Each structure stands twice: as C-alpha cells, then as structure tokens.
Amino acid sequence: MSFASNARAEMARELCVEPCCARAELAAALLASGGVSYRFGGGLHYRLSVTTGEAAVVRHYFQLLKRHFGVSAQIRTLRGGSLRASTRYQLAIPDEAAGMLLEASGVYDADAPFGLLAVPPERIVDYTCCKKSFLKSAFMLAGGIVNPERGYHLEFAAPGEEFADFVIKILNYFEIHAKKTCRKSKYVVYLKSGDGVSDALTLMGATQAMLAMQDVRVRKDVSNHLNRQLNCDNSNINRAMETGLKQIEDIRCIESELGLDKLPGPLRELAELRLNNAEASLSNLGELLTPPLGKSGVNARLRRLHDIADKLRCGEEVEL
Ligand SMILES: [Zn+2]
C-alpha cells in the first residue's frame, strides 16, 4: 500500500462521534467527490453517491450514513474497462434519502443555481471539530500525499475555485498555509512544508502517518547534517591541498632561479620537506623539522619562502 493509501485508511478507521462533525464530513464528501447529480422530471430530483478507489474509505461513509443519518446505502464495485484499471467503489445512496442528506450537509439552498452550493454555509464548519472533519473527509476522497522519502507534499483536489478557497481558509484557521493552483481545469490546494504536512496529518487524525513522516524527517536531517559536514571536511582538505601545491610552486621557482642550497638552513630544510610531503599539514611539517617547530613558526617560514619566490618572479633582488 502506498503512503497515501495508508494515511487514508488510517483516517477511515475512525468514525466521528458528534452529529455536527458527521454533517461536515458529509458536506465535504458530496462536494469533493462530485457526488451530487440532478435531473428534471416533475421538479428537480437529486441523486447522491460517493466514489473512491479505497475499500476502507467506502466502508467509512457506509457506516457514517448508517449511524448518523439512519441511511442504508449500497456499496458497488466499479471495474475499469481494461485489465489494468484499478477497482473503484461507489456508495449508492437511496434516492429517497437524497433530499434529507443535502439539507443536513447544508449543501442544498433553494436560492442557489439548481439548489446546490459550491461550498457549505459557515455554520457547517463552525466548530473546530467540524473544521477538522471537513478536511479529513475532503482528503479521504480527493486528497493526496507524496511519500515523505521523496518530498513533502500534501494536496486536496477541488471541484472549483470556491471549494479550494474554502479549504485554504480552514487550513489557515489552524495556521497551516496552503496555496492553490489550477491543473487541467481543476483546482488543487497544496502544502509543501514539512511542518505544514505533518500538522495537517495530525489534524485529520492520521497520527501513524504523521509519525512515519517524522521518522523520515529525522533520518533526512541527520543525513543532511552528515553530508554537510562531509562536504565541509572535503573542502578543507581541498583547500589544504591547494595551499600545499602553491607552496611547492614557490619552492620549485626558488630551486630553478636561485638553487635551494642558497637558502638559509632552516628555510632549506622546510623547503625540502614540503617538496616531499605535498599533502602534510603545517603541524605535521613542523613535527618533521629538527628541532620541531609549531604551526605558526612553520607558517612564518613558508611565508618567507613565498616572498622570496615572488621577488624572484619579479626579477627583484633577494636578500637572504
Ligand atoms: Zn463537530
């Protein structure tokens, strides 16, 4: 099972207790899954259904309708045309319950076009518990989350811009900042920050998914830290190598222009050591000298060699 399926299945296991939350879930389900259709014939007739790719989710709404609205719906299996098409599940709601459910969810409004609102009225998500229920339901039917191993991304597909804005407003209420985009004439609300995705999962009751994600985040942070340190170590080594090579260049210049035997004893000793130990650190070079010399002493002698080489390159006189 994918990370997203696991998260949805986890949310689906929990059935809400309060009737207010059940109404909010129903509203989100009908709107997010595009499950309301109507026909004319002696007035408007509505037909409701909830369609999903997950068995756990269809069972969730079956129980929700039964427990909170006393409606027995029917679960149907829809097989795709080709062998590879995945199975989808549809909860067919009896026509005689449609009017009552539309009223309960707040989605029905006699003044709206065809009696249907694009988003439920504020009273449906008045309480914090109902706001969470609305998000959870919208996610179960039209949400997605990328496996955190690949990145942090959680989204809600919205049937229209109004619905997208409604979802963003609820997320904002919980201080989760989301953005919307239009993809193939459908609106998508998405979050990209690790904290935002993790908070949203918690709100929607997917604690296990949130914890699994936190595990990945911790692991990634540790390996990022190690990588940064490794890069830093590598660049230090590279820098030391580069400096060593420059010093060797200086020494070679002195050797050809002047001859190392013209150098005072201590400088000559260091110059020869450096030629044979290109990668040695200053303190290592210091230890090889007789008598041993500290890092700053070695540095001072190397600077002296550099000055000599510079003068030789410019054709200036060198005093030794
Ligand atoms: Zn509630």
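Every read-out reported here was derived from the displayed coordinates using simple, explicitly stated rules and does not represent laboratory data. All values reported here derive from a predicted model rather than from experimental measurement. Reconstructed Cβ throughout: ideal geometry from the backbone, glycine too, with neighbour counts over all protein chains shown.
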- Item | Segment H177-L211, extension gain: residue separation times 0.36 nm, minus the distance between their alpha carbons | 10.2 nm
- Message: Which lysines, if any, have their Cα less than 27 Å from the Cα of K295, not counting same-chain residues under 8 positions apart?
- Response: K246, K262, K311
- Task: Determine, at each q value in 0.10, 0.11, 0.12, 0.13 (inverse angstroms), the log₁₀ of I(q)/I(0) that the Debye formula gives when each Cα of region 1-111 is one equal point scatterer.
- Result: -0.31, -0.37, -0.44, -0.51
- So what is the diffusion coefficient of region 3-205 in µm² per second by Stokes-Einstein at 20 °C and 1.002 mPa s, using a Kirkwood Rh over Cα pairs? 125 µm²/s
- Could you put R59, R252 in order, starting from the residue whose Cβ has the fewest other Cβ atoms within 10 Å? R252, R59
- Query: Using the Cβ atoms and a cut-off under 14 Å, what net charge is assigned to the surroundings of L64, where Lys and Arg are +1 and Asp and Glu are -1?
  - Reply: +3
- Task: Provide the gained length on full extension for the span E257 to C232, in nm with one decimal, where the gain is 0.36 nm per separating residue minus the Cα-Cα distance.
- Result: 5.2 nm
- Among T128, T202, which comes first, second and so on when ranked by fewest other beta-carbon atoms within 10 Å? T128, T202
- Message: Cut-off 10 angstrom, C-alpha nodes, Gaussian network model of the chain. Which of R219, R239, R79 fluctuates the most?
- Response: R239
- Task: Take every Cα-Cα distance within region 177-285, group them into 5 Å bins from 0 onward, and report for each bin the whole-number percent of pairs it holds.
- Result: 2, 10, 11, 10, 8, 7, 6, 5, 5, 5, 6, 6, 6, 5, 4, 2, 0
- Item | 10 Å binning of all Cα-Cα separations within region 234-314, expressed as whole percents from 0 upward | 19, 54, 24, 2
- Which entries in the list K136/K220; K66/K180; K66/K179; K169/K220; K169/K192 go over 24 Å, if you measure between the two C-alpha atoms of each? K136/K220; K66/K180; K66/K179; K169/K220
- For R313 paired with T77, estimate the spin-label separation in nm (one decimal), with each label point 7 Å from Cα along the Cα-to-Cβ line. 8.0 nm
- Message: Can you give the longest run of the chain that contains no GluC sites (Glu not before Pro) sitting in a DSSP loop with at most 11 other Cβ atoms inside 10 Å?
- Response: 1-148
- Query: So which cysteines of the chain have no other cysteine's Cβ under 4.7 Å from theirs?
  - Reply: C20, C129, C130, C182, C232, C253, C314
- Message: What do you get for trypsin sites (Lys or Arg not before Pro) in region 84-172 restricted to DSSP loop and a cutoff of at most 12 other Cβ within 10 Å of the site's Cβ?
- Response: R84, R150
- Item | Helix-only [θ]222 nm of the chain, DSSP H runs n ≥ 4, -39500 (n - 2.57) each, per residue, nearest 500 | -18500 deg cm²/dmol
- Item | Label point distance in nm, A278-E162, each placed 7 Å from Cα along Cα→Cβ | 7.4 nm
- Query: Using modelled backbone amide H atoms (1.01 Å from N, in-plane), which distant-in-sequence or interchain residues come within less than 5 Å of G143's amide H?
  - Reply: A157
- Message: Please arrange F114, F62 by how many other C-beta atoms lie within 10 Å of their C-beta, fewest to most.
- Response: F114, F62
